[in-house]
Amino acid sequence: MALRKGARAGGGEIYEQTQANAVEQMPSGEWNVKTNKGDITCEHVVCATGNYARETGRMFGLNVPAIPVEHQYIVYDKDPELQKYRNGGGHEPAVLRESDASYYLREERMGWILGPYERGAPARFADGVPGWFGKSLFDSDLDRLLPHVEAAMKRVPALEHCGIKAIVNGPISYTPGGSPLVGPAWGVKNVWLNEGHSFGVTAAGGAGWQLANWIADGEPTVDMLGVDPRRYGAYTSKRFVSAKNEEACREVFTVHFPDEERHDGRPVKTSPVYEKLKNMGAVFGARYGCERANLVRSHRRRTERQVEFPALELFRACRQRVPQHAREGRHDRPDAVHQTRGQGPGCRGLAGLPGGQQGADQDRPDCVVPCVDEKRRCAPRTNRAAQSGSSRTMRELDDAR
């Protein structure tokens with residue numbers, strides 16, 4: 001209601017119960033939108049149609065990669081313990097989110113709402129929302145919810161004594177990467193997308209603000225590359241989008257690491273040397289649908305998911321190849337990374353790593369070999385000044401700054 005009031009206060013007109021059936025571009029470049037209540041002529045069109053993104057996209061000749069996925073949540077009855085706490089002056093509890101069990105829990109009218117992001121939630125309406133669906137819901141699937149319910153009861157024992165009021169199962173629009181589509185449509189002038197918002201009205205203010213700047217001034221005021229609709233291409237087939245959107249929903253509450261690669265729906269586009277690289281132990285990443293080798297594993301028995309964070313590979317290599325004497329030292333700092341000057345000339349990189357020499361450059365006092373050993377407590381690190389004679393440690397220098 002607040003957004004509607006603000007729009008009207010700014011001169012906007014809202015037509016309720018009005019269905020857009022077709023569009024055509026006029027010789028002037030303007031768009032004529034045909035509705036069940038007459039035509040609307042406008043210079044720009046913004047498609048913000050939620051679960052209907054596929055249909056509205058087709059009006060403009062666009063294959064919009066936004067397909068809904070089933071999402072369930074449980075509404076619990078009133079919780080006596082929560083009521084006692086709130087009636088005693090307690091504040092509303094913060095939203096609880098448990099990534100390991102993939103759910104959130106929040107207060108709702110002296111009861112609780114449990115919202116899991118479950119495995120096996122299917123994509124729906126890949127060909128468009130049928131006319132009969134309207135504001136309907138899907139049948140609930142308690143089997144998919146049980147692991148999350150059990151995990152929540154362990155975390156919040158009071159749930160064991162709360163009855164279930166309702167299980168709601170409805171469609172939520174997703175994109176293959178999980179981020180929405182906000183920005184200009186590809187190949188069609190003066191058409192803008194604001195689709196695929198899996199978190200609904202949460203992003204409404206920011207998306208509308210940046211779209212308004214983009215339309216009026218020719219560019220947004222913040223970096224919108226991560227949600228630009230043009231980041232996808234013709235490779236986003238119905239099957240691919242369905243698989244990736246199910247994956248995006250499933251991975252909402254998991255812990256993500258740098259250089260993460262998601263595997264569902266792949267490969268889509270491969271090069272002639274794909275199989276050869278794969279047989280050599282290559283670990284692939286996907287860019288614009290194309291498979292490309294990120295690295296070649298030294299141990300082929302490892303799965304791709306185990307080596308997605310490249311720093312781990314570097315740490316292992318360093319730990320295995322740094323000489324034993326380099327790992328010896330005083331054990332008075334649990335958080336230190338032991339450093340030692342290597343042996344042998346010509347070092348320009350980390351000892352024991354590809355492209356580097358074993359040892360450190362004798363002419364460079366700052367050329368050191370880091371070593372991570374979780375079972376040891378090593379001596380404080382020193383900086384270049386300390387190695388040249390200063391007694392001030394790195395921590396002292398940091399405190400001085």
Quiz item: Within the set K34/K269; K189/K238; K5/K244; K189/K276; K189/K269, which residue pairs have Cα atoms separated by over 32 Å?
Solution: K34/K269; K5/K244; K189/K276
Self-check item: Under Karplus coefficients 6.51, -1.76 and 1.60, residue-wise ³J(HN,Hα) of the range 255-260 in Hz, glycine/proline x
Solution: 7, 9, 10, x, 6, 5
Exercise. Rank the residues M59, M280 as a footprinting-exposure proxy: fewest other Cβ atoms within 10 Å of their Cβ go first.
Key: M280, M59
Exercise. Tell me which residues come under 5 Å, amide H to amide H, from Y174 once H is placed; ignore anything under 5 positions away on its chain.
Key: I67, V69
Quiz item: Efficiency by 1/(1 + (r/R0)^6): what FRET value for Q83 and T35, r their Cβ-Cβ distance, R0 = 56 Å, to the nearest 0.05?
Solution: 0.70
Practice problem: Calculate the translational D of the range 1-111 in whole µm² s⁻¹ from Stokes-Einstein, where the hydrodynamic radius comes from the Kirkwood formula applied to all Cα pairs, the temperature is 20 °C and the viscosity 1.002 mPa s. | Solution: 114 µm²/s
Quiz item: Quick one: Karplus J couplings for the range 285-297, per residue in order, coefficients 6.51, -1.76, 1.60, θ = phi - 60°, nearest Hz, x for Gly and Pro?
Solution: x, 10, 10, 6, x, 8, 7, 9, 6, 7, 6, 10, 6
Self-check item: In Hz, Karplus ³J(HN,Hα) per residue of the range 269-274 (6.51, -1.76, 1.60; θ = phi - 60°; x = Gly, Pro)
Solution: 10, 10, 8, x, 9, 4
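Where a number appears in this text, it was derived from the coordinates with a stated rule and is not lab data. Bear in mind that the values here come from a model prediction, so they are computed numbers and not experimental data. Positions of Cβ are backbone-derived with ideal geometry, glycine not excepted, and every protein chain shown enters the neighbour counts.
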